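What follows is a short report on a single structure.
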Amino acid sequence: MELNRQGWEVIEKQSRVESRPGLKPYQNLKREVQVVKYRLSKNEQFYFCFVEYDSQLDTIRESCADGEKEAREHLGR
């Protein structure tokens, strides 16, 4: 992670798998999305990052922000 090189330290990591509706033409199937939340710290400041892996699309998306809510919103949730 680039943030580690900038001096940020991961102080919390949570991982979960969400079942979401499939996308066309597989809308009748569920797709699995792995979501990992990172909480980072540097000089008494905090930063939040979310990384999502979508099994159907085979894509990884990530978003980071000063607040957890803002980081989630950047992913379009």
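Coordinate-derived values only; no laboratory data. A quick note: this is a predicted structure, and the numbers were derived from the prediction, not measured. Counting neighbours? That spans all protein chains shown, and the Cβs are built from the backbone with ideal geometry, glycine included.
Kindly evaluate residue 24 against the criterion of being more than 20 Å from residue 12 (Cα to Cα) and either basic (Lys, Arg) or within 11 Å of the chain's Cα centre (by Cα) (or both).
Yes: the conditions hold for residue 24.
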Looking at the range 1-19, which of the residues that are in a strand (DSSP E or B) and touching a residue at least 24 places away in the same chain (Cβ under 8 Å) is nearest to the chain's Cα centre (by Cα)? 13
Output the residues belonging to the range 53-71 that are part of a helix (DSSP H, G or I) and closer than 27 Å to residue 22 by Cβ. 71
Exactly one of 62, 68, 52 is in contact (Cβ under 8 Å) with a residue 24 or more places away in the chain and surrounded by 11 or more Cβ atoms within 10 Å (Cβ to Cβ), and that residue is 68
